[in-house]
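As structure tokens, the structure follows; a few thoughts come after it.
The values are calculated or read from the model by the stated rules, or taken from the named source; none is laboratory data. In this text the structure is predicted, and so the values were computed from the model without any measurement. Methodologically, a virtual Cβ is constructed for each residue, glycine included, from the backbone with ideal geometry; neighbour enumeration extends over all protein chains shown. In case anyone asks, the SASA skips ligands and DNA or RNA and just uses the protein heavy atoms, side chains included. Shrake-Rupley method; radii C 1.70, N 1.55, O 1.52, S 1.80 Å.
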Amino acid sequence: MQRSRRNHGKQTCSTRRQRLSLFKHTRSNPTPWSQNFPQELNSYNQKLNQLERHLAARNEPIEGSKKKLIERLSNSIDDEKQREVRIALEKEHCRIRDLEQTGSVYIAGKNDQGQLGLGLGDLDDGHEFRVIPALRGKQVGHVSAYGTVSIATTLTSEVYSWGGNGVNPIVIGHADSFASPQQMKELDGEETEMTSVGSTHACSISQAGDLFIWGKLGSDDTRLVPQYVDKFTATSIACGAKHIAAITDKGELYVWGGVGSIEQSYQAKPMLVKLPEPIKLIACGSQHTIAATESRVFSWGCGDGYRLGHGNDCSEKSSPCEIAKITELGGSQILDVGAGTWHSACVISNESSANGSGFLYTWGSGYCGQLALGKQCIATTPTKVKELSEVKKVICGRTHNAAIAHDDVLYTWGSNEHGQLGRSIEETDVAFTPHPGIVEFGTIVNRIGRGVPKSVACGHDFTVVATHPYEGPSEQEMFKLLESKRRNEQEEKEEEARLLRVQEEEETRQREAEAEKKKIRYLTSKRLCTMDSSCPGFTYESSTPSVCRECGFSVAFHTIVADEQNDAKGAIKE
């Protein structure tokens, strides 16, 4: 019986070794064992040899007890599932990245009425710029915003609108989907190029200059679908809270709607505004208008808060009045104008700049820092913003502003109560800043490249940015650049530390050398007595070596070193 058991044991060990050898041989060639293994593992129903086959097919060790094999196989299956999830997530990230980097729309700020376009599932304020998923990769060429509504126009003339809490007539037919961009089919085929938004009305211009208007402009003027205005060919448009201004291809300016601060001033049809020169630029605040020729700026409408820039004169102007201060500045060209609720702005070319940029000037009331003049909250006339020197575009919101510099860098400042600046501010005691700060565009953010700003709009407490395609380094290249920068900085620190050590060592060597010189000098020179001026110098007494033979005082009192050369000179002199 014992012999039988012993033989059976030898046979079992031999069979086990053969099986292990076979499994090891097949590891490099996965078998269907791993593919046919059930997703929901009932390990305890698997026989030992089955577990070994599954593990061998997965290139896992097959030695150990059944419990160990079950645990090892379970972990291997979990790792495989996690790898599959990571691969799928990375593929999806790459798809989104490639799409977004072709040009997208980003938004930040207040979102109580769907103005961020992120869908009904996300109505929280955004304190940093996020991409609008529905407009990712749409290559939007122009954005406009006012109140709680935004409109985006693509390079292929598709028009999308969102916001307004589902009740604003500008967002046509979107009562249930107002919180995400919806295409305005009513403008399909019209080759729309740009739009402008008012409080309850909007307008658009086609590539050929055709003007369309929709929404509610007056108490008896509601247009549920875009209507064509055939009075002139428009090249630029701007909307205020209740009025519209349009520049024609002849440089003429037409305005209509609520052109003043009182309801009786409503103008139903486009009215020609008389100006001495052709108009190049136009901007509308809530109740005032700013227009610019090549080198002159005019303003009219409500003058409260010094928004018209005519000094201490805050009266309402029913016709354009030139802003004298800008004429006095003598800029060669007006590059841009902007108008908010209580403030205005313009960019005047810098004659010394060759990149088409200029200085930014602001005026009006800015109790949320929107004037960018530090602690100054009121400017009765245009005042230069010292913190920005090379500006191309300025965009005014209700209580915040944005500007694009000559290098396409985006700056924001003013109120940040709802995160509309899209960046953090240094101020901790107030929710605004008068200091323009850079927002992250033209770089990689969250592993996705963001292009530089193409078009920017400021609504009430939110900001919309449409970007060019991203043209910067890839994620891998950026990683290499950052790693190279880190290495260079580390090498610089190490070199600085090495030089500092060398300097300290040299200073220590010099101090030690000087100390050694002093010691030698002290030991080899005459040491005069501080107690007896007649002592010629310390002289050893063999019986008492610490006492001077000449004066009888201890060596401790002989601390004055007398240079023999000086003694000789003194002797000659005598």
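Based on this model, can you work out whether Gly309 counts as touching a helix residue (DSSP H, G or I) at 6+ places or on another chain (Cβ under 7 Å) and at positive phi? Yes; evaluated as a whole, the condition is true for this residue. Restricting attention to segment 417-450, the residues that are within 22 Å of Leu373 (Cβ to Cβ), open to solvent by 20 Å² or more (accessible area, probe 1.4 Å) and not in a strand (DSSP E or B) total 10.
Do we find that Met184 is surrounded by fewer than 24 Cβ atoms within 10 Å (Cβ to Cβ) and at negative phi in this structure? Steps first, please.
Working: surrounded by fewer than 24 Cβ atoms within 10 Å (Cβ to Cβ): no; at negative phi: yes.
No, not satisfied.
The residue that is farthest from Tyr361 (Cα to Cα), counting only those in segment 451-481 that are open to solvent by less than 20 Å² (accessible area, probe 1.4 Å) and among the small types (Gly, Ala, Ser), is Gly451. Among the residues of segment 492-525, how many are under 24 Å from Thr559 (Cβ atoms), open to solvent by less than 100 Å² (accessible area, probe 1.4 Å) and among the aliphatic types (A, V, I, L, M)? Number satisfying all stated conditions: 3. Inside segment 75-116, residues that are basic (Lys, Arg) and either open to solvent by less than 80 Å² (accessible area, probe 1.4 Å) or in a loop (DSSP other than H, G, I, E, B) (or both) make up a count of 3. Tallying residues that are crowded, with 24+ Cβ neighbours inside 10 Å, under 17 Å from the mean Cα position of the chain (by Cα) and over 15 Å from Ser455 (Cβ atoms) within segment 391-409 yields 2.
Only one entry of Leu224, Leu217 meets the criterion of being hydrophobic (A, V, I, L, M, F, W, C), under 22 Å from Gly340 (Cα atoms) and open to solvent by 10 Å² or more (accessible area, probe 1.4 Å), and that entry is Leu217. Checked across segment 175-194, the condition of being touching a helix residue (DSSP H, G or I) at 6+ places or on another chain (Cβ under 6 Å) and not in a loop (DSSP other than H, G, I, E, B) holds for no residue. Of all residues in segment 127-137, exactly one satisfies the criterion of being open to solvent by 10 Å² or more (accessible area, probe 1.4 Å) and within 21 Å of Ile170 (Cα to Cα), namely Ala134. For first residues located in segment 369-390 and at positive phi, partners that are among the aromatic types (Phe, Trp, Tyr) and lie 6+ apart or on another chain with Cβ distances below 7 Å form the pairs Gly369/Trp413; Gly369/Phe432; Ala372/Trp413. Considering Ser157, Ser177, the condition of being modelled with pLDDT under 95, hydroxyl-bearing (Ser, Thr, Tyr) and open to solvent by 10 Å² or more (accessible area, probe 1.4 Å) is satisfied by Ser177 alone.
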